[in-house]
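For reference, the structure discussed in these notes is given below.
The values are calculated or read from the model by the stated rules, or taken from the named source; none is laboratory data. Treat the numbers as computed from the prediction; the structure is a model and nothing was measured. Using ideal geometry, Cβ is built from the backbone for each residue, glycine included, and neighbour counts are taken over all protein chains shown.
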Amino acid sequence: MPADPPGATASSSAAPDQSKPAPPPVPARRDDVLRGIAYMVSSCAVWSTLNAGIKWLGATVPVGEMMFFRCLFAILPTLWLVRREKNPGILRTKRPFAHFTRSFYGVLSMGSAFLSYTLMPLADAQAISFTGPLFVTLLSIPLLGERVGLHRWSAVLVGFLGVLLIVLPGGGLAAGLAGGGGACSLVGPMAALSNAFFFALGAIQVRQLSMTEPSVTIVFYHTIFSTLVTSLLLPFKWVTPTPLELAVMAAMGLSGGVAQYWSTQSYRFAPASVVGPYSYSSMLWTAAWGYLFFAELPTYWTIGGVVLLIASGLYILHREIYWQRKRAAEAKARVEAAGRIA
């Protein structure tokens, strides 16, 4: 499971329950909000460190092997989450195929992410992963039947303009083409975009699954299915890892589970409108690790592209929250009107 593209919070596709009025919102205490922000920033720090580990391992360990060990060691924190629920029936499901589909998208996203981090500067690959919310917006039209207005379309176009700033003018795609790299120079940026695309497909699948399945159930089957699928890659290319490499991959699996839990906790303690923007702090962590461990510095083009991507992602989040509140207010008004008529 790769790092979740920051800011990829998707709006719920479920229609509001109009049979009864929604309970009044409970104001979040300041302490709870600060705790939610701390969980999100800590989660981003762990994900970014994990990505740096992927880049370091990529010099000697095949991508498929990294994926397998990443999933295998993630089983341990997942089992801890299941046990923590204290519900014997928590893993019962009537939708195994939907779980497998979500896991398949996750494996494709993971493989694309791992490949992009091994081929590109960390900051560039991380920045392109910010297209996750853009792909969620685009895919929600054919897959969920959602309507996307002019505001969100404009944000999507601005976001993809940011991608062009990252991959075209600087040393990535442009330098590769100028130096005769040809199609090889496309692999890194295309892998980064594929990561965001398949993540978006997985996010939409999670939205559909979450209507009937608890979060722990979704995480459990995703981890198990992903481990089984990535194990099929091992015969194609295997390099026996050194004890240090194995330890790093174990740490990646364990820390990824912890980061996922912290990310979930952040939305428990604070509203998405407060926590969501802090997910972009991963860019700061990624740039720091890229400079410290790989002597990489983001170019001015990358910084400009990141600004556009973050702005578009935040605006999409703003519009989603606006429509959620508007639909909730309309549903409440209909219930009140029905009560007056009765």
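Has the range 315-326 got at least one residue that is at pLDDT 80 or above and either part of a helix (DSSP H, G or I) or crowded, with 22+ Cβ neighbours inside 10 Å (or both)?
There is at least one residue in the range 315-326 that is at pLDDT 80 or above and either part of a helix (DSSP H, G or I) or crowded, with 22+ Cβ neighbours inside 10 Å (or both).
Checking SER231 against (1) surrounded by fewer than 16 Cβ atoms within 10 Å (Cβ to Cβ); (2) within 19 Å of GLU85 (Cβ to Cβ); (3) touching a Phe, Trp or Tyr at 6+ places or on another chain (Cβ under 6 Å), only one condition comes out false. Which one?
All conditions pass for SER231, except number (2).
Out of all the residues in the range 64-90, which are in contact (Cβ under 8 Å) with a residue 40 or more places away in the chain, among the small types (Gly, Ala, Ser) and surrounded by fewer than 22 Cβ atoms within 10 Å (Cβ to Cβ)?
Across the range 64-90, the qualifying residue is only GLY64.
Might you check whether a residue that is more than 25 Å from the chain's Cα centre (by Cα), over 13 Å from ARG70 (Cα atoms) and not β-branched (Val, Ile, Thr) occurs anywhere in the range 245-261?
No, because not a single residue in the range 245-261 is more than 25 Å from the chain's Cα centre (by Cα), over 13 Å from ARG70 (Cα atoms) and not β-branched (Val, Ile, Thr).
Look at THR217 and say whether it is surrounded by 22 or more Cβ atoms within 10 Å (Cβ to Cβ) and hydroxyl-bearing (Ser, Thr, Tyr).
Criteria met by THR217.
I'd like the full set of residues that are part of a helix (DSSP H, G or I) and either within 15 Å of GLN208 (Cα to Cα) or out of contact with any Phe, Trp or Tyr (no Cβ under 8 Å at 6 or more places or on another chain) (or both), limited to the range 131-151.
Residues of the range 131-151 part of a helix (DSSP H, G or I): 132-144, 150-151.
Answer for the range 131-151, where residues must be part of a helix (DSSP H, G or I) and either within 15 Å of GLN208 (Cα to Cα) or out of contact with any Phe, Trp or Tyr (no Cβ under 8 Å at 6 or more places or on another chain) (or both): PRO133, VAL136, THR137, LEU138, LEU139, SER140, ILE141, PRO142, LEU143, LEU144, LEU150.
Select from the range 293-314 the residues that are surrounded by fewer than 23 Cβ atoms within 10 Å (Cβ to Cβ) and among the hydroxyl-bearing types (Ser, Thr, Tyr) and list them in ascending order.
THR299, TYR300
Residue by residue through the range 197-236, note down the ones that are more than 24 Å from THR137 (Cα to Cα) and acidic (Asp, Glu).
Selection gives nothing.
Residue under question is VAL61, and the condition is that it be under 24 Å from LEU193 (Cβ atoms), in contact (Cβ under 8 Å) with a residue 12 or more places away in the chain and in a loop (DSSP other than H, G, I, E, B); does it hold?
Against the criterion (under 24 Å from LEU193 (Cβ atoms), in contact (Cβ under 8 Å) with a residue 12 or more places away in the chain and in a loop (DSSP other than H, G, I, E, B)), VAL61 qualifies.
Of the residues that make up the range 119-126, is at least one within 15 Å of the chain's Cα centre (by Cα) and either of a type outside the set (Val, Ile, Thr) or closer than 27 Å to THR223 by Cβ (or both)?
First pass over the range 119-126, keeping only residues within 15 Å of the chain's Cα centre (by Cα): 125-126.
Applying the additional criterion that residues be either of a type outside the set (Val, Ile, Thr) or closer than 27 Å to THR223 by Cβ (or both) yields 125-126.
Looking through the range 119-126, at least one residue is within 15 Å of the chain's Cα centre (by Cα) and either of a type outside the set (Val, Ile, Thr) or closer than 27 Å to THR223 by Cβ (or both).
Can you tell me which residue within the range 56-79, out of those that are under 18 Å from the mean Cα position of the chain (by Cα) and either modelled with pLDDT of 90 or more or of a type in the set (Gly, Ala, Ser) (or both), is nearest to VAL216 (Cα to Cα)?
Taking the candidates together, the pick is ALA74.
If I ask for residues that are small (Gly, Ala, Ser) and farther than 15 Å from GLY305 by Cβ, which ones from the range 133-155 would you list?
Scanning the range 133-155 gives SER140, GLY145, GLY149, SER154.
Taking the range 113-145 on its own, how many of its residues are crowded, with 24+ Cβ neighbours inside 10 Å and either farther than 21 Å from SER281 by Cα or of a type in the set (Ser, Thr, Tyr) (or both)?
Selection size over the range 113-145: 5.
Check THR101, THR93, THR118 and return the single one that is in contact (Cβ under 8 Å) with a residue 60 or more places away in the chain, outside any helix (DSSP H, G or I) and among the hydroxyl-bearing types (Ser, Thr, Tyr).
THR93
Cβ contacts < 6 Å: first residue farther than 14 Å from SER312 by Cα, restricted to the range 135-156; second residue charged (D, E, K, R), any location; separation 6+ or different chain. Result?
SER140/GLU146
Among the residues of the range 282-305, which ones are under 15 Å from the mean Cα position of the chain (by Cα) and either more than 21 Å from LEU165 (Cβ to Cβ) or among the aliphatic types (A, V, I, L, M) (or both)?
MET283
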